[in-house]
Amino acid sequence: MDNGSTDGTAEVARRLGAIVVHCLEKGVAFARQAGLESARGEIVVQCDADSVVPRNWLSKIARHFETHAEDVGLSGDAKYRGEPLWHRPLSLINRWLNQISYWCLRHPMSILAGNFAARREALIAVGGYDLAFPQCGDEFDLLLRLAKTGRISYDPHLMVETSSRRFRRRFWQFLLADTFYHTALGLLFHRLTGKPIKGSRRDVRDEALVVRTWPWASRLRFATPVVLVLLVGALAYGFFMPSAEAFGKLYFATKTHEKVVALTFDDGPNEPYTSQVLDILQQYDIKATFFVVGKNVAYYPETAKRIVAEGHVLGNHSWDHSALQPIVDVREVDLAKSQATIEKIAGVRPHLFRPPFGHKTPWQMEQLEKHGMVVVTWNVSANDPKQPPSSVIAERIIKHTKPGAIILLHDGNETIHGADRSNTIAVLPQIIDTLNKEGYTFVTVPELLKVDPYLR
């Protein structure tokens, strides 16, 4: 594929018997799309003109696809000639992250455009290369679309040797201009607007790239740590903050002038405490929402049935309340297992999901949306898993309750059977009495949010 080369590469390739396709529209995405449209084989292989591949490169790729029928793509790695010292740790970290991502997500974190192969039918099925990314970000965009059709394998031993010219800049220039601006922000900007970010139509061979596309970047070398802190902070906020909607839609309260609140209980069933909670709610004729752990439902099936029989709502709170659940449950095993267990025992299929600890990841939120789940967290919490004194629990709830609040209490503690909830049980009548006197009415979460309690 010749995309305006000036060093005679196309002529050399032609003399060696290669079919050279000319693409007049400048930009690697245009060239790759032209190559895809010209290709006739079952496997489309990408490589850069300045890369040196091993003798068995193509045969190794072919054998991989022959023996892995479920794979739609294969990404290798690269050894950079004359790689700067500052970039070597980044290369190692990238290999580790790709391996971890492949184990967890069935695809690497990133694909290497100069050492990548995919089934032609899969590339066509996802619409080929996105021409909104003529020079930067197209690999990650393609990875996201291809991964929805099948597995993309990562083989760190499928190695090519290539030029390190793109790294022949200072670390802060590479990080700010290439990694942060053109790739990360470029992809985000395209997702939001459908357009490429300004300056992304560039020639990667241009050593003056930073000065031309980001003329004030040379003044920002000291901003690099700030940028990293902001990025890490934004990701941490989205992950740890129960009310953060950085990764997708969720409900932690609702806006209303009516003095209505939803009382919720997490981590049950857990006997004898869940039954004690149910007795108190029955005494006050209050309906609550129980976010149950699938493993506990299997252990206390009669309690789960009682919750439903008495008119309360069951929500899904994962299979085993693992802190790693939002990170590692990328194949939806946890969600499917807990949903199936709750439905088999209690006869209902929850519409609501509360992530353990309120922790969330982008892929978890995406899978929940795909399955039609409503994600619910909270905005008033007693922070009672460690059972502070009853007076503290009451103060934390009563003091912060406002109209439309979703209140969090615990009738269990993860998957610990018989976990002590006595302080919560002791103060629950006081909380109900006080809020009732203040004019509050208790409703279930589906009533508060005006959504169906269960999937049909």
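The values are calculated or read from the model by the stated rules, or taken from the named source; none is laboratory data. Quantities reported herein were computed from a predicted structural model and do not represent experimental measurements. Glycine gets a Cβ as well: all are built from the backbone with ideal geometry, and neighbour counts include every protein chain shown.
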Note down all Cβ pairs under 9 Å where the first residue falls in region 443-456 and is surrounded by fewer than 16 Cβ atoms within 10 Å (Cβ to Cβ), the second is among the small types (G, A, S) and assigned to a loop (DSSP other than H, G, I, E, B), and they're at least six residues apart or on different chains.
-> L455/G372
Does T264 qualify as being in contact (Cβ under 8 Å) with a residue 60 or more places away in the chain and of a type outside the set (D, E, K, R)?
-> yes
From the set of residues in region 317-340 that are polar (S, T, N, Q) and within 19 Å of the chain's Cα centre (by Cα), which is nearest to W103 (Cα to Cα)?
-> Q325
Can you tell me which of A304, A298, A323 is in the same structural domain as T341 (by TED's automatic domain parsing) and surrounded by 24 or more Cβ atoms within 10 Å (Cβ to Cβ)?
-> A304
Any residue at all in region 353-370 that is assigned by TED's automatic domain parsing to the domain that holds R421, of a type in the set (D, E) and under 25 Å from V443 (Cβ atoms)?
-> yes
Scan region 26-76 residue by residue and report those that are among the charged types (D, E, K, R) and out of contact with any helix residue (DSSP H, G or I) (no Cβ under 8 Å at 6 or more places or on another chain).
-> K26, E37, R40, D48, R55, K60, R63, E66, E70
Please tell me if L24 is loosely packed, with under 14 Cβ neighbours inside 10 Å and not basic (K, R).
-> yes
Hey, T434 buried (at least 22 other Cβ atoms within 10 Å of the Cβ), over 16 Å from A253 (Cβ atoms), assigned by TED's automatic domain parsing to the domain that holds D320 and of a type in the set (S, T, N, Q) or not = no
Identity of the residue in region 1-13, surrounded by 13 or more Cβ atoms within 10 Å (Cβ to Cβ) and outside any loop (DSSP other than H, G, I, E, B), that ends up farthest from the chain's Cα centre (by Cα) | V12
From A336, A323, which residue is within 27 Å of Y237 (Cβ to Cβ) and not charged (D, E, K, R)?
-> A323
Hand me the list of helices (runs of 4 or more DSSP H) wholly inside region 23-131 holding 1 or more residues that are free of Cβ contacts under 8 Å to residues at least 60 places away in the same chain and farther than 16 Å from K148 by Cα.
-> 28-38, 57-67, 88-105
Among helices (runs of 4 or more DSSP H) entirely within region 301-411, at least 1 residues that are touching a residue at least 60 places away in the same chain (Cβ under 8 Å) occur in 325-328, 362-370
Just to be sure, is D50 in contact with a strand residue (DSSP E or B) (Cβ under 7 Å, 6 or more places away or on another chain), modelled with pLDDT under 90 and not polar (S, T, N, Q)?
-> yes
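Residue-wise test of (1) more than 16 Å from the chain's Cα centre (by Cα); (2) crowded, with 20+ Cβ neighbours inside 10 Å.
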{"site": "I342", "(1), (2)": "yes, yes"}
{"site": "F357", "(1), (2)": "yes, no"}
{"site": "W363", "(1), (2)": "no, no"}
{"site": "E366", "(1), (2)": "no, no"}
{"site": "K370", "(1), (2)": "no, no"}
{"site": "V375", "(1), (2)": "no, yes"}
{"site": "K402", "(1), (2)": "yes, no"}
{"site": "L408", "(1), (2)": "yes, yes"}
{"site": "G412", "(1), (2)": "yes, yes"}
Mind counting the residues in region 244-263 that are in a loop (DSSP other than H, G, I, E, B), surrounded by 13 or more Cβ atoms within 10 Å (Cβ to Cβ) and within 20 Å of the chain's Cα centre (by Cα)?
-> 7
Cβ pairs under 8 Å, 6+ apart, first in region 284-297 and in contact (Cβ under 8 Å) with a residue 12 or more places away in the chain and under 23 Å from T434 (Cβ atoms), second small (G, A, S) and surrounded by 24 or more Cβ atoms within 10 Å (Cβ to Cβ) | A288/A262; T289/A262; T289/G315; F290/G268; F290/G315
